[in-house]
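Heads up: the structure comes next, in structure tokens.
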Amino acid sequence: EKNDSVHLLGNDVKVNANAGIFVTLNPASKDYKGRSELPANLKALFRPIAMSKPDNVCIADVTLLADGFSEGKILSQKLVLAFSKLQQLLSKQRHYDWGLRALKAVLRTACKMLRSAAQGEDARSKINTESSIIVRALEMNILPKLSKNDVPLFSALISDVFVKADFCNIYKSDEMKIHLSDIFQENKLDFDDFLLTKVIQLKEILNERIGCIISGPSCSGKSVIWAMLRASTMKAGTTVKIEVLSPKAMAKEDLLGGLDRDTREWKDGVLISAARNAATSDSKYWIVCDGDIDPEWVEGLNSVLDDNKILTLPNGERITLGDNVNFIFETHDLSYVSPATISRVGMLHINEEMDAKPILSTWIKKRSDESREI
């Protein structure tokens, strides 16, 4: 017998027959550390629904056609084929994601580029065919996360699948090289093509996604890359506010906030406070989390790393963030990051440590004239 009301916490609450509760669950496995199974008594109250594998070709076809691609049917088949072959041929890395979210990111980038090309806004690239737009979108979303040995395989495979596409390497742009070299000289840093490529890749990732993980060993230039991008953006006339946090230096309650046990009032943590400041800011706002990524706290950001960009707090409050806000996670270890987090963020992978020469040269440049002579 169905009741019109339920008794909760001493109050009678009316039940709306048109309301429903849906729970999406990931398996509590070694890949999803920090998660636990739903209790058996609670699981019994829900009807299980099994999800079938999505038709990626159909999804890509509809998305491309809806945004104006005349060759959407052929391009969707080639794009899904490229994803399938990349997953099979490239090395197995924890930060590689070939799922539907990764495919949607490529489609979103391609559709955005097509609209920009139609409006004459994409003057930097010489894209004249729809297949070239797909190739450029693949490069923007996949190249930054590839390991060094997988880059040649990626280029060869894409060339085989998209035979007639025009390849335009924005990473070798003379204009960008001159602009960034000036920024590096102003900060007394050594400049090379590797850093140029990584700075441009980070810029493209932040334009497409709210979150980005910069992964790489110590002394590989992770902090230098986002700092130089910020300096370049500010020199171009755009203010970039920044808050740098060390999540592992504090307890989870201090980072994300929690309820006071005595007053039952919500108290913001450092990260939530930064998100509130970013939500009310009109300028670009970067929240940099420098340190190990632990599922205990990063899983709480899954809602804001989605496309809707809404940070949901445990007390039920929602903070909506705009396109001006980005989360940057700087870490050397991805062994504890769940696939749910990896699929939601862009990935900038740095393969190896920086050579000692530029580090020593930069240190010398920042000394006084007398110290340099010594």
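Overview of results
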| item | result |
| --- | --- |
| Matching residues, the range 270-305, being open to solvent by less than 40 Å² (accessible area, probe 1.4 Å), without any contact (Cβ under 8 Å) to a residue 60 or more places away in the chain and over 23 Å from residue 238 (Cβ atoms) | 271, 272, 291, 297, 298, 300, 302, 303 |
| Qualifying residue in the range 192-200 (condition: within 26 Å of residue 271 (Cα to Cα), of a type in the set (A, V, I, L, M), open to solvent by less than 60 Å² (accessible area, probe 1.4 Å) and at pLDDT below 90) | yes |
| Positions within the range 57-72 being open to solvent by 40 Å² or more (accessible area, probe 1.4 Å) and either assigned to a helix (DSSP H, G or I) or of a type in the set (Phe, Trp, Tyr) (or both), in sequence order | 57, 58, 59, 62, 63, 65, 66 |
| Inter-residue pairs, beta-carbon under 9 Å, first modelled with pLDDT of 85 or more and in the range 42-59, second of a type in the set (Lys, Arg), 6+ apart | 57/73; 59/104 |
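Here's the yes/no breakdown for (1) of a type outside the set (Phe, Trp, Tyr); (2) open to solvent by less than 30 Å² (accessible area, probe 1.4 Å); (3) touching a strand residue (DSSP E or B) at 6+ places or on another chain (Cβ under 7 Å); (4) assigned to a strand (DSSP E or B):
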residue: 217; (1), (2), (3), (4): yes, no, no, no
residue: 229; (1), (2), (3), (4): yes, yes, no, no
residue: 253; (1), (2), (3), (4): yes, no, no, no
residue: 308; (1), (2), (3), (4): yes, no, no, no
residue: 323; (1), (2), (3), (4): yes, no, no, no
residue: 326; (1), (2), (3), (4): yes, yes, yes, yes
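Here's the yes/no breakdown for (1) buried (at least 17 other Cβ atoms within 10 Å of the Cβ); (2) hydroxyl-bearing (Ser, Thr, Tyr); (3) modelled with pLDDT of 90 or more; (4) not in a loop (DSSP other than H, G, I, E, B):
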| site | (1), (2), (3), (4) |
| --- | --- |
| 116 | no, yes, no, yes |
| 138 | yes, no, yes, yes |
| 163 | no, no, no, no |
| 178 | no, no, no, yes |
| 184 | yes, no, no, yes |
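Residue-by-condition table, conditions (1) of a type in the set (Gly, Ala, Ser); (2) in a loop (DSSP other than H, G, I, E, B); (3) at pLDDT 90 or above; (4) over 22 Å from residue 155 (Cα atoms):
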{"residue": "33", "(1), (2), (3), (4)": "no, yes, no, yes"}
{"residue": "36", "(1), (2), (3), (4)": "yes, yes, no, yes"}
{"residue": "74", "(1), (2), (3), (4)": "no, no, yes, no"}
{"residue": "81", "(1), (2), (3), (4)": "no, no, yes, no"}
{"residue": "104", "(1), (2), (3), (4)": "no, no, yes, no"}
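The values are calculated or read from the model by the stated rules, or taken from the named source; none is laboratory data. As the structure is a prediction and not an experimental result, all values here were calculated from the model. So basically every Cβ, Gly included, is an ideal-geometry build from the backbone, and we count neighbours across all protein chains shown. SASA here: full protein model, heavy atoms, side chains in, ligands and nucleic acids out. Shrake-Rupley method; radii C 1.70, N 1.55, O 1.52, S 1.80 Å.
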